[in-house]
Amino acid sequence: MKRIAFLSILLVLIGIFTYQFEEKGGLERLAMEEAKHKIIDEAYLGELKEISASNFSIKKDGEHFKTSKGILVDAQRLQQYLEILGKMKVKRYLKSDEISPLFFPSDSPVLKFVFSKGYAHFKLGSKLEFDQSFYMEVNQNGVVKQMIAVDSSPNEGTYDKTTFHKNPEKYLRFKTMILLNEDFFIDTHIFQREYMAKKVEWVSIRIENNSSNPFELLIPERRISPSPPYGLNTKRASYHEFISDLVNFTGVGWMKNGKLSNSVSKLVIEDKAKRKKTIEVFRALDGREGYFAHLVEEDKILSFNEKSLKTFLKKEEDFWELKGVKESQPKRITMAFPSGKTVEVKLKHGNIFEAQAVKESDGEPVNTAFKYLIDVISKEADDLTRLEGNENLDKSLFKLSWGVEGPQFHVMLNRGELTLVNKELGFMLHYKYLDLQKFGKELKDFFL
């Protein structure tokens, strides 16, 4: 939370220098302007203790901030909130004879900060009619100053150039931020402890849903149970991505307990201490459709949006590495064509790829054709299916043996996709998004 305290200090400074200075520059002028425009001494403020407005109040409790109801605040969301506020800068201080009650209506929102050594209150006034700036009043330990302030954050989106100079969007955003309620700040991470610690001590995750057979991720071993079929490996990238998605998972808000129905998924997580955490996902709460995660042991319900549902609908094949070969850079391959011609080719990998025919009588290999072949076979396929036995393997382009003792594939084209068939192990790999114009299909494509 030290980062949050620092950002808060940036906020209450309300701009170290004016826009006029930023245009002129100069280190000496910087020191003068800083002394002139600094309204709060950051060294004097101390630690940030509390932030409040009309609709929320959050206070520091130990290492974390909590709402008025004692609910944990999302530190990352609070930091982002303060970063936006920290973009507010002084454009000009108002003299006493310039101040009008019209600048600060009776319902002007006030944002209050309490530090260990003082306080600072920010009252938002009305927006100026002819530019993006607005009136603001700052009360620091009883010393009140009025000013014209402006949000210096980058402009986003597309605007009409003729009216951009007076666009109210930044002013309205600042006003909305002051009028937020506490729900905005609440931590909706489903795994709050793991997220804050940035560490998991899980040993297994069992996944059950309607779209897959039950399976388990064994975390210390970095593998899946049951193991992938056909001798395939576990795809570690998907494995780590899934755990990261779980730890960082946030919902829309915590719900009151009610009757859940239409279960679609269930996760059972066990940690090193053999403690279990069960998350069951439902499509309805008290008859209202939506997406709801029930933390069974804590008996809490978190609502989330449809886009996030995919995190809980993982299938076991999502963790399979759909590669038929383990060696991405074979030193030798064998190709058998329907004509009866069989060729062996040695391959050299490095800065320059080179294919060499074992028998000179086979001709001169086309390096680009072999390079594309190797690149395709060694990448991950888009899909995997079981070989049912009714595929006409006699129509394959050629048979390919990978490496010295590697697997053999029937290479086939079917409906615009490339298919590699491993007859021995009984599976097919499907490559759906290839440039098939570059893929060699006949002996003449590979040899001059």
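The values are calculated or read from the model by the stated rules, or taken from the named source; none is laboratory data. The structure displayed is predicted, hence computed values, not measured ones. Positions of Cβ are generated from backbone atoms using ideal geometry, with glycine treated the same way; all protein chains shown enter the neighbour counts. Ligands, DNA and RNA are stripped out before the accessible areas are found, and what is left, the full protein with its side chains, is counted by its heavy atoms. Shrake-Rupley method; radii C 1.70, N 1.55, O 1.52, S 1.80 Å.
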statement: Contact order relative to length for the stretch 309-410, counting C-alpha pairs under 8 Å separated by 6 or more residues, stands in percent at 34
message: Placing +1 on the Cβ of each Lys and Arg and -1 on the Cβ of each Asp and Glu in the chain, which of S204, S116, Q329 has its Cα farthest towards the positive end of the resulting dipole?
response: S116
field: On Cα atoms only, tilt of 236-247 relative to the major axis of the chain in degrees
entry: 30
- line: Given the candidates Q132, L94, F104, the one whose Cα lies deepest towards the positive end of the charge dipole of the stretch 71-190, counting +1 at each Lys or Arg C-beta and -1 at each Asp or Glu C-beta, is L94
field: Most mobile listed residue (A53, A357, A75) in the chain, GNM with C-alpha springs under 10 Å
entry: A357
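Suppose a student asked you for the relative contact order of the stretch 75-157, using Cα pairs under 8 Å spaced at least 6 residues apart; what percent would you report? Please list the in-between numbers first.
Details: 122 pairs, mean separation 26.1, N = 83.
Relative contact order for the stretch 75-157 comes out at 31 percent.
What trypsin sites (Lys or Arg not before Pro) does the stretch 192-271 have in DSSP loop regions with at most 11 other beta carbons within 10 Å? Please list the in-between numbers first.
On the way: sites: R193, K198, K199, R206, R222, R223, K235, R236, K256, K259, K266; in loops: K198, K199, R222, K235, K256, K259.
Counting only loop positions with at most 11 other Cβ atoms within 10 Å, the trypsin sites (Lys or Arg not before Pro) in the stretch 192-271 are K198, K199, R222, K256, K259.
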- line: Cα convex hull volume per residue for the stretch 54-185, in Å³, equals 126
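Rounded to a whole number, what is D in µm²/s for the stretch 87-156 from Stokes-Einstein with the Kirkwood radius over alpha-carbon pairs (37 °C, 0.692 mPa s)? Could the numbers behind the result be given before it?
On the way: Rh = 12.9 Å.
Estimated diffusion coefficient is 254 µm²/s.
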query: Any idea of Y230's accessible area? Nearest 10 Å², probe 1.4 Å.
result: 50
message: For a quick check of your reading of the filter: which trypsin sites (Lys or Arg not before Pro) in the stretch 315-354 sit in a DSSP loop and have no more than 14 other Cβ atoms within 10 Å?
response: K315, K326, K331, K341
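How much of the accessible area of the stretch 348-440, in percent, comes from carbon and sulfur atoms when a 1.4 Å probe is used? Before the final figure, lay out each step's value.
Working: 2300 of 5440 Å².
It is 42 percent, rounded to a whole number.
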- prompt: So what's Rg/Rh here for the stretch 266-389, counting alpha carbon atoms and using the Kirkwood radius for Rh?
  reply: 1.29
Helical mean residue ellipticity (222 nm; -39500 (n - 2.57) per DSSP H run of 4+; nearest 500) of the chain: -5500 deg cm²/dmol
Convex hull volume of the stretch 327-416 per residue (C-alpha atoms, cubic angstrom): 128
- prompt: Between the stretch 269-288 and the stretch 370-448, what is the C-alpha centre distance in whole Å?
  reply: 43
- request: Sort S328, S57 by accessible area with a 1.4 Å probe, largest first.
  value: S328, S57
statement: Computed D for the chain, Stokes-Einstein, Kirkwood radius over alpha-carbon pairs, 4 °C, 1.567 mPa s, to the nearest µm² per second, is 46
